[in-house]
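This report refers to the structure that appears directly beneath it.
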Amino acid sequence: MRNYLISIAVLLLTLLNLQDANAQVDLKSVEGVVTDTSGMGLKGASVRLVSQLDTMTTTTNENGFYTFSNVKGKNINLSFSMLGYQIINKSISTSFLINNIFVPKITLYPQTTLIPEVRITKIIPVVDRGDTIQFNMGAFTFPTHSLLEEAIKQLPGFQVLRDGTTYYNGQLIRGVRVDGKKFFGGDLLTATRNLPSEFVKQIEVINDYGELNMAKGIKTSDPEKIINIVLQPDKKRITFGQGTIGIGTSDRFIGSLGINKFNDGQEMSIVGSINNTNTSLFLFGSPDGAGSRNTDLSEIGDFSDPNDGLNKLGSIGISFTDNIGKNMTLNGGYTYQSKYNLTKGNSLLTSSYTGYKIHRREEYENKSYDNLHTLNLELNAKFKNNDVLKINPKLSYNREHFYNQRITDITNRRIFDEGLRQDTSVNSKPSADISMLYSKHFNKPGRKLVADLKLNYQSISKKDEVSEYYQSFDSTGTEPIITSFSQKQFVDARNDVAGIKAAVSYVEPFYEHSLLEIMHDMDINNIEAVRTVRDPNFFGGGFIDSLAVNYAYQFKSFKTGLNYQYEPNKKFRVNMGFTVQPVTLSGRVKGDTAVYDYNNVNLVPSTTVRYKFSNDLEIKLAYLGRNIQPTFLHISPVRDNSNSRNIIVGNPSLKAEFSNQFSTTLRKFLPTRGQYFQTDFAYTFIANKIVSSKKALFNETIQETTFENTDGYYDIKWYYEFNSPVFTDQMNLGLSGNVDYYNNLSYVNGFKSTTKQVLFNQNLQVRYLPSEYFESVFNTNYFLNRATYELPYINKIAAHSFLLSLAGRGYLSDNFVIGAEMSQKFYDGYVSELSDVNPTIINTYIEYSFLKNKSALIRLQCNDIMDQNKDVGVLTSYVGNDVFESRNNRLGRYFMLTFNLRLQNYPK
């Protein structure tokens, strides 16, 4: 027993000596943070450290952090002080096992014996969190009671077009969430035009790699940009709404109503609108802009109304989110949208052939009625074993009515056709989609088993009534020859498209900092197309068998491969993959023995390398290969002469395209300075590119188009974006631009032709916000479209446009606001006089707020004072041997008086 006690004593003395020895040798670091009572870091607070071997002092940095290095002693005493605050003393015990000591957060309280000081707290405006950029809305000043769309316009890096389409640093925002949950199915426009800006605490711009990649933990695809709206804590339980009614000259009107209820995760929203001022609350089924209109950054600062024709829009929608138990959420909604459009305009299409040109001039009037119903649900569940299940069904029904009338003049040398074409059609498009994702959880970190299944079905039915009449004058001989042509067709068509996509991935940690994925996915699309054509002028119904089709087509793709991801730290990540992809395209005409088959095996490598030189600077290099299957228009084995002067013939022997893209991105972001720079470079070449093949005889005005595969297509694209405050934090400079080069291919009368096209675009924006009572923005844009044609002869076109614009908004008093915007655009170098317009657009408004909390607002506005927007819907296209230019009517001058009422109620 005595020996046992002596052994214990010796062991204790040895440990104590070891501890003293380590204390003499090991150097420690002490660090922590000092904040005020609001939780914000205190800059300049004095921190004093005293031990038996040390006496040190330092001050906190701008975020309240402090650090002591090479601390030798133990039993550390810290003292914290700052003018106007109580002194705090704290003792820290040390251990020879721990060399990095983190002191708990120290909060300094105001010194009550002093006169309270007035402190201005500056919130960090932008925080970079890797794949998430966070904007703290409290660091910015926005107009009182403004909607979120107006606030986003003032955030650095954001560009918002007139129709609500939103970009961040040149990339389109494709979806939205509110507190991490989808809002109206992810419809951005609905969120930004209904949520008040003062309800929002933060805006997060997120790189969304897709649910499948996020579940796997391997980022193998290019992300899309979405935003997450984080509500203020006191706005998570609130009922609020707004209503607007307005009437104006030229029979303009607007009415909208929105009611929203948020209750700590439970959300219910109902919105509706009707107007003929091109004001949309929904994106009409497309993330690219209202009414599925294509947009680009060259429209920034253009204050003209960008929508062709006169439109009447109506919409209503309901959206909900609810928690089912602790681990399950359900969200969904229903929307109905209607759109009536009346477009009048004229166009010129010039098709060049060796020795002759075919000019087609048209004056047209198009009417369309579009009705879209959409119902969607999304279920997210996390089970007790941490498995994850997501189910997202979606139903939609679209019914469209079209009426087109065109007066046409066509010339080819000494042949002249004049005619009238009328086209009436009714289209019905029911569709159903369901996507399911299941992620199996394992106790081993990084191990994943993920299955993804997508099923879709769409049926497109079309009833078309086409009538044409042409009178032709042929003066090539000594005596003019006058002939006439007329036809009437009833076309009934139905396309049924059914698809299935399935993917299974197993991810296993592979050595340290590595993940290895074994994957297999399947993509099968079936198309069944039936088309009948009748000529009512023939006895017995007049079915034209040569124009009918009953065609079945199938595309099958199976991919099996490996993906490897190595990420040793936050600075470096590399993804490498290799897949084997058998592809089969097959088609068969009912009643015909001919079968159109195409089989190929693609070997597809992929690589992405990302390296961060510092927290602010990173570079990304990538290669991506993918298949692009032909559309039904390309492969339909039927002669479509419903337009007798432009006949379309599909090619069922087409192969799938294979695209190879090499890209690089260099990005530097300094959130503390509000500076951002990004440049992108991409090179793409496509094997088996599907191109048009046009034929026309020198003594005819009829053109026939089919499609061929060919090699030699490539494009080179460069883009940059720069944003920074200049001179002062209240002035922000934005620069962006791109240069795109296309080596386009086509066939002209059987000969391969190359069109070399350069698109150059440069934007500059200066935004000045000297105070919360005044804001202004200046924009300028230059665009060049330069094309060189190889066949039928070398021809060059250089079309330019130049834009200047200025907008301002100011408070005359606490209740009166006045604003104006002006843009001037110049066009030059276009082929026809259709594009010879230089519109000056001036819009003005004045607002008066009243009632409690300024909840009511009256607005008087004038849109397009000069009335120069009504005929400037200019569209140009240079493809193959075609040069197309058109000019359509748009919304012109009107005055409008609107009344808006905003209400909100907090629960008791």
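Observations
- Estimated translational diffusion coefficient (Stokes-Einstein, Kirkwood radius over Cα pairs, 10 °C, 1.306 mPa s) of region 23-104: 122 µm² per second.
- For region 460-565, the Kirkwood estimate of hydrodynamic radius, built from reciprocal distances between every pair of different alpha carbons, is 19.4 Å.
- With the convex hull of its Cα atoms as the shape, region 148-232 has an orientation-averaged projected area of 5.7 nm².
- In region 772-818, inverting the average of 1/r over every pair of distinct C-alpha atoms gives 14.5 Å as the Kirkwood radius.
- Among the GluC sites (Glu not before Pro) in region 696-792, those located in a DSSP loop and surrounded by at most 13 other Cβ atoms within 10 Å of their own Cβ are Glu772.
- Note on region 632-765: percent of Cα-Cα distances in each 10 Å bin, starting at 0 and stopping at the bin with the largest distance, equals 11, 27, 23, 17, 13, 8, 2.
- Quarter of Cα convex hull surface for region 467-519, i.e. mean projection, nm²: 10.6
- Per-residue HN-Hα couplings for region 849-862 [Karplus 6.51, -1.76, 1.60; θ = phi - 60°; Hz; x = Gly/Pro]: 9, 7, 6, 5, 6, 6, 6, 10, 9, 10, 10, 10, 9, 10
- Semi-axis lengths (Å, descending) of the ellipsoid that matches the C-alpha gyration tensor of region 820-879: 38, 11, 8
- Estimated from helices alone, the mean residue ellipticity of the chain at 222 nm is -1500 deg cm²/dmol (sum of -39500 (n - 2.57) over DSSP H runs with n ≥ 4, per residue).
- For region 48-98, applying the loop criterion from DSSP together with a ceiling of 15 other beta carbons within 10 Å to the trypsin sites (Lys or Arg not before Pro) yields Lys72.
- Whole-percent pair-distance distribution, where bins are 5 Å wide, for the alpha carbons of region 518-585: 4, 12, 12, 10, 10, 8, 8, 7, 7, 5, 5, 4, 3, 2, 1, 1
- Sorted peptide list for 585-592, 360-367, 332-339, criterion being average Cβ within 10 angstrom, highest first: 332-339, 360-367, 585-592
- Region 352-424 and region 212-255 have Cα centres lying 27 Å from one another.
- The angle separating the long axis of helix 2-25 from the principal Cα axis of greatest extent in the chain is about 60 degrees.
- Quarter the surface of the alpha carbon convex hull of the chain and you get the mean projected area, 50.4 square nanometres.
- For the listed peptides 563-576, 410-423, a ranking on the average number of other beta carbons within 10 Å per residue, highest first, reads 410-423, 563-576.
- When each of Lys556/Lys620; Lys201/Lys854; Lys390/Lys570 is checked by Cα-Cα distance, pairs over 24 Å: Lys556/Lys620; Lys390/Lys570
- Loop-located GluC sites (Glu not before Pro) across region 441-528 with a Cβ neighbour count of 16 or fewer within 10 Å are Glu512, with loop assigned by DSSP.
- Environment charge at Glu465 (Cβ cut-off 12 Å; Lys +1, Arg +1, Asp -1, Glu -1): 0
- Estimated inter-spin distance, Leu379 and Asn853, nm [label 7 Å along Cα→Cβ]: 3.8
- Our summary gives region 640-781 a relative contact order of 19 percent, counting only alpha carbon pairs under 8 angstrom and 6 or more residues apart.
- Values of log10 I(q)/I(0), in the order q = 0.25 Å⁻¹, for region 548-638 under a Debye, Cα-only, solvent-free model: -1.18
Rule-based calculations on the coordinates, nothing more; no lab input. For clarity, every value in this text was computed on a predicted model and none was experimentally measured. For neighbour counting, all protein chains shown are included, and Cβ atoms are generated from backbone atoms with ideal geometry for every residue, glycine included.
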